[in-house]
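**Student:** I'd like to ask you about the structure that follows.
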Amino acid sequence: METENIKTKIFKKGNIAYIIIVLGIFTLFPFIYISQYNHPSADDFGLAVRQADLLQSVVKTYNNWSGRYFATIMSKINPLRYDSFRMFKISPIILICLFGIAISSFIHHLFRRYYTLKHIFAISFLLIFLFFLQMPSTSEGFFWFSGYITYLVPSILTIFLMVALISTTSIKSNFPKLVLTIISSILCIVIIGSNEISLLLVNMIILFLNINYKLIGKGYNKVLLFLLLICVISTIIEIIAPGNFIRLAKQEYGNNLKWALLGSLFLTLTSIIKWSIPVIIISIFYSIYWGIPLAKKITSEGITIDIDFRLSIIFYIAFVYLSIFTHVWVTGYNPAGRVSNVIYLFFIIGWFINLQLFLNKQIKVLKNQQAKISNFLLICSILLVLLLPFNLSYNISTAYIDLISGKAKSYNNELNFRYQLIMSCDADSCVVPALSEIPKSIFFSDIKEEHQEKNNNNVWYSRYFEKSYIYLDSENPDIKSNQETLKDFGKMKRKEWFDSQKN
């Protein structure tokens with residue numbers, strides 16, 4: 001009897017919520033802490049030396065390189081333009097906080113009618129945990145300026161757009177609706193002007209809402225039609241940029257439709273399979289503790305969810321496939337980490353939206369089956385979720401290992417020493433030491449060994465420090481696996497321990 005009471009206390013929803021919140025803090029801590037060791041990637045120096053004014057930069061980039069007008073504008077806030085290396089350490093913390101606020105705000109607007117803030121924060125942290133656990137590249141997501149300005153920032157803005165759209169459809173008063181429509185319009189314009197994946201995503205969201213509104217028998221929504229017009233105009237402006245065609249001409253393997261169609265299908269399937277295990281584990285956990293109870297509340301109160309489930313599934317699958325297809329068709333290559341980050345983020349957001357819609361639809365069947373759900377399944381689901389961060393192949397373990405092993409600190413010290421060496425170098429050209437270890441969590445790119453005039457990283461790096469050229473004295477080492485890092489760390493600690501015992 002006493003054992004049963006303990007089990008009941010542990011698995012109460014309130015206690016589970018606190019456990020997930022603690023898990024979320026455990027997840028975010030290493031990424032926030034490791035930010036103090038972050039440094040500009042080699043190509044970040046390139047944005048800092050392009051001193052043209054804002055309008056001139058937008059026009060020049062639009063005509064010669066890319067239609068990403070908002071990304072060009074955002075590149076002007078590069079901290080290196082103001083010689084602020086400190087901001088490269090602060091920016092990831094700001095981004096992580098903004099990301100957390102965006103997710104929490106989205107969940108709050110979906111669930112505030114049914115759950116308290118404690119549960120809303122718990123569900124938010126569950127999504128944040130899943131994203132950080134296996135996002136394709138943490139360095140390109142939160143620590144590389146050019147990457148997060150072009151991809152993560154518009155992703156955060158897209159989540160805020162979704163919040164604005166939820167609010168717009170639920171508000172009856174004219175003035176608040178007008179304000180939200182203006183905000184949504186601005187968000188659509190800036191997101192579409194950031195990158196092609198975000199362009200595709202925002203267009204699909206607005207198109208889905210328009211079609212869905214018609215399918216559920218409500219006719220047409222003037223606000224949604226206006227937003228669709230804004231999206232179409234912004235998309236045309238982005239796509240017809242002369243710079244896009246110049247850049248496309250340089251893609252050796254791009255513009256191969258047959259390869260893009262088949263290759264994207266294969267990549268979509270492999271990506272879903274690769275991401276599926278943690279997603280399924282957390283889906284079971286979510287369904288038991290929040291999803292099914294929420295579906296019961298919705299049905300018991302007679303609330304109708306105005307979303308066509310079949311249409312939602314079609315658009316969800318289409319987004320994942322078309323996102324990969326767009327990149328493969330344009331470049332001929334697999335999506336880069338920064339691109340995959342966006343696809344993965346909205347893959348999991350879309351997954352849980354559709355999961356809840358499915359639970360709402362099947363609640364009568366689930367009610368009959370709920371009695372068969374044993375305590376064993378309840379216990380297994382929470383234990384598996386809590387064990388996921390300790391898998392060495394996932395990002396959370398990598399971040400902790402980069403910190404505990406000293407790799408991140410060593411990386412920081414070596415780059416600080418390199419900058420001092422360059423500043424004290426009186427010669428026109430400088431040779432600097434290669435890195436000894438590379439922390440995977442925060443590292444994206446560096447300059448190369450030997451004098452390579454064709455290497456843009458070396459060229460921009462040299463121009464920033466006002467040298468003819470700067471290069472490494474040897475090649476940087478490969479990034480070690482977590483297993484190798486732990487093995488080396490163990491050997492080092494064992495040597496230190498035995499040496500101290502001898503003394």
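**Student:** Which one of the conditions (1) out of contact with any Leu (no Cβ under 8 Å at 6 or more places or on another chain); (2) at pLDDT 90 or above; (3) within 23 Å of Ser139 (Cβ to Cβ) does Asp43 fail to meet, given that it meets all the rest?
**Tutor:** Answer for Asp43: the failing condition is (2).
**Student:** Here are some conditions: (1) closer than 19 Å to Leu80 by Cα; (2) more than 25 Å from the chain's Cα centre (by Cα); (3) surrounded by fewer than 20 Cβ atoms within 10 Å (Cβ to Cβ). Ser445 meets all but one. Which one does it not meet?
**Tutor:** Going through the list (1) closer than 19 Å to Leu80 by Cα; (2) more than 25 Å from the chain's Cα centre (by Cα); (3) surrounded by fewer than 20 Cβ atoms within 10 Å (Cβ to Cβ), Ser445 breaks only (2).
**Student:** Now, a different point. With the requirement that a residue be within 18 Å of Gln420 (Cα to Cα) and of a type in the set (A, V, I, L, M), what does the stretch 450-495 give you?
**Tutor:** Of everything in the stretch 450-495, those that are within 18 Å of Gln420 (Cα to Cα) and of a type in the set (A, V, I, L, M) turn out to be Ile470, Leu472.
**Student:** While we're on this one: Give the residues of the stretch 50-91 that are closer than 19 Å to Phe142 by Cα and loosely packed, with under 13 Cβ neighbours inside 10 Å, sorted by residue number.
**Tutor:** Arg86
**Student:** Filter the stretch 303-344 for residues that are part of a helix (DSSP H, G or I), out of contact with any Phe, Trp or Tyr (no Cβ under 6 Å at 6 or more places or on another chain) and more than 30 Å from Ile246 (Cα to Cα) and give the result.
**Tutor:** If the condition is that a residue be part of a helix (DSSP H, G or I), out of contact with any Phe, Trp or Tyr (no Cβ under 6 Å at 6 or more places or on another chain) and more than 30 Å from Ile246 (Cα to Cα), then Phe309, Arg310, Leu311, Ser312, Ile313, Ile314, Tyr316, Ile317 are the ones that fit.
Rundown of residues vs (1) touching a residue at least 60 places away in the same chain (Cβ under 8 Å); (2) over 22 Å from Ile107 (Cα atoms); (3) surrounded by fewer than 19 Cβ atoms within 10 Å (Cβ to Cβ), yes/no style:
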{"residue": "Phe285", "(1), (2), (3)": "yes, no, no"}
{"residue": "Ile298", "(1), (2), (3)": "yes, no, yes"}
{"residue": "Gly302", "(1), (2), (3)": "no, no, yes"}
{"residue": "Phe319", "(1), (2), (3)": "yes, no, no"}
{"residue": "Pro335", "(1), (2), (3)": "yes, yes, no"}
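The values are calculated or read from the model by the stated rules, or taken from the named source; none is laboratory data. This is a predicted model, so every value here is computed, not measured. Note that each Cβ is placed from the backbone with ideal geometry, even for glycine, and that neighbours are counted across all protein chains shown.
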